[in-house]
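Please treat every number below as a calculation from the coordinates, not as lab data. Here the structure is a predicted model, which is why all the values come from computation and not from measurement. Cβ: placed from backbone, ideal geometry, glycine included. Neighbour counts: every protein chain shown.
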Amino acid sequence: MEHVAIIMDGNGRWAEARGLTRSDGHKAGADNISRIADAARELGLKYLTLYAFSTENWKRPPAEVACLMGLISEITEKRLPDMMKNNIRLRTIGRTSDLPLLARKSLLKCIDETKNNTGLTINIALSYGGRAEIVDAVNKILAEKKTGDKIDEKEFINYLYAPDIPDPDLLIRTSGELRLSNFLLWELSYSEIYVTDTHWPDFDKEALQKAIDSFGKRKRRFGGLNK
């Protein structure tokens, strides 16, 4: 296994259970990204894709959105020294041009500073939607005037947000919800899925290891016959 994707769900429910605000929950969830990134690196993963902010999340209350955007800047600036020390590379997928200027500048700086790191790649999905990614890919193709040519799956992949990153082996969803929520609709076609009731702020290295162990017991057939 080299690539794990996570839908980081349950920040709000985690906060509510403790009598805290949703912003408190998002801050706790943001802090956990660093811990899980360290765990993923220690467990030998090459790629970790995290669903941080969807295209639909812009519809949330302005104060909550502002909190989330502020956390983007805070995390990237705070964790940059550790990423450099631990050879971690940061990347993003999604319509990141929609992000506020401060958050975007912090991200771009961190992406540029870590671009030559060769260890774990953390791929953050921001202003991301699986349908939006496919639509954006189609529009790229149309812009190149390929409308008269046939295009196969292998070529189509080149127009996605991160064509050089392999599809996730495993998708983990925290907080017990049983849906994809418009996440990596193309890339998750043959990924294994693991759902835990644990809310994201409480999801730790032990929980990640448990998910990976579950993956190790499965047989991946990619649509083929069971042998």
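Among the GluC sites (Glu not before Pro) found in segment 137-169, those both in a DSSP coil and sparsely packed, with 10 or fewer other Cβ atoms within 10 Å of their Cβ, are E144. Loop-located trypsin sites (Lys or Arg not before Pro) across segment 7-82 with a Cβ neighbour count of 12 or fewer within 10 Å are R18, with loop assigned by DSSP. In a reduced charge model with +1 at each Lys and Arg Cβ and -1 at each Asp and Glu Cβ, segment 1-118 shows a dipole moment near 200 debye about its Cα centre. FRET efficiency for D38 and L108, Cβ-Cβ distance as r, R0 = 35 Å, nearest 0.05? My answer for the efficiency is 0.90.
When +1 charges are put on Lys and Arg Cβ atoms and -1 charges on Asp and Glu Cβ atoms, the dipole computed for the chain relative to its Cα centre reaches about 200 debye. Estimated translational diffusion coefficient (Stokes-Einstein, Kirkwood radius over Cα pairs, 10 °C, 1.306 mPa s) of segment 20-82: 122 µm² per second.
The string of couplings for segment 68-85 from the Karplus curve (6.51, -1.76, 1.60, θ = phi - 60°) is 5, 5, x, 5, 4, 5, 4, 5, 5, 6, 5, 8, 4, x, 5, 5, 5, 4 Hz, one whole number per residue in order, with x for Gly and Pro. Taking the DSSP bridge list for the chain and keeping only pairs wholly inside it, about 0 percent are antiparallel. Between their Cα atoms, which of K78/K210; K27/K210; K46/K150; K85/K109 are more than 22 Å away from each other? Going by Cα-Cα distance, K78/K210; K27/K210; K46/K150 fall outside the 22 Å limit. For the pair N116 and K205 in one chain, pulling the backbone fully straight at 0.36 nm per residue adds 29.4 nm over the alpha carbon distance. Give me the Debye-computed log₁₀ of I(q)/I(0) at q = 0.10, 0.13, 0.17 Å⁻¹ for the chain, equal point scatterers on Cα only, no solvent, two decimals. Normalising to I(0) and taking log10 leaves -0.46, -0.79, -1.36. Highest-first packing order for the peptide set 122-130, 99-107 is 122-130, 99-107, based on the mean count of other beta carbon atoms within 10 Å. Of all lysines in the structure, those lying under 23 Å Cα to Cα from K145, and not within fewer than 8 positions of it along the same chain, are K154. Taking +1 at the Cβ of each Lys and Arg and -1 at the Cβ of each Asp and Glu, which of S34, V65, A132 sits farthest along the dipole of segment 1-145 towards its positive end, judged by Cα position relative to the Cα centre? The one lying farthest along the dipole's positive direction is A132.
The modelled label-to-label distance for the pair R95/E74, using points 7 Å beyond Cα in the direction of Cβ, is 2.7 nm. For the listed peptides 86-92, 202-208, a ranking on the average number of other beta carbons within 10 Å per residue, highest first, reads 86-92, 202-208.
Rounded to two decimals, the Cα radius of gyration of segment 72-135 over 2.2 N^0.38 Å is 1.13. For segment 132-178, applying the loop criterion from DSSP together with a ceiling of 10 other beta carbons within 10 Å to the trypsin sites (Lys or Arg not before Pro) yields K145, K150.
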